[in-house]
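Throughout, read-outs are computed from the coordinates displayed, never taken from laboratory work. In this text, all values refer to a predicted model and were calculated from it rather than measured experimentally. For neighbour counting, all protein chains shown are included, and Cβ atoms are generated from backbone atoms with ideal geometry for every residue, glycine included.
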Amino acid sequence: MTKKLENALLMIWVVALMATLGSLYFSEIRSYEPCELCWYQRIIMYPIVLISTIAIIQKNARIALTTAIFACIGAATSLYHYGLQKLTFLQDSAPACGRVPCTGQYINWFGFITIPFLALTAFVLIAAISFYMLKVIKEEK
């Protein structure tokens, strides 16, 4: 495996680990109870940490397709959740999310950075790195 692919795998791991630690910080330290959509995003993000850890140990860059799929599904979920928070027409038809409404915003830094926005950023980074890896793998063949 080339150094480019090793570095890309490491970057995926770092982004996924930071997103995981961030979500745990908000729920366990700040005591923000996650809504249902936040749980779905966690369900998608947390395995990427494990998958990328194993890929780094095995030096297996072919895992890029798996991380790309996870990241695209996670990005779509995060984008929808962010839309529920920021777009009035979606808020009006927002599904009931359990004890914590999905339209709620624990944080709203600079008027646009919410927890789903942070998750979306992480998923987009992971997807971009994964697609880059797929491109490098294809060029090496």
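If you go through region 62-83 and pick out every residue that is within 13 Å of A119 (Cβ to Cβ), aliphatic (A, V, I, L, M) and surrounded by 17 or more Cβ atoms within 10 Å (Cβ to Cβ), you end up with 2.
The requirement of being without any contact (Cβ under 8 Å) to a residue 24 or more places away in the chain and either surrounded by fewer than 18 Cβ atoms within 10 Å (Cβ to Cβ) or over 27 Å from G104 (Cα atoms) (or both) is satisfied by I54.
Taking region 1-40 as the range and being charged (D, E, K, R) and in contact with a helix residue (DSSP H, G or I) (Cβ under 9 Å, 6 or more places away or on another chain) as the test, the residues that pass are K4, E6, E33. Answer yes or no as to whether F131 is outside any loop (DSSP other than H, G, I, E, B) and under 11 Å from the mean Cα position of the chain (by Cα). When the stated conditions are applied, F131 does not pass them.
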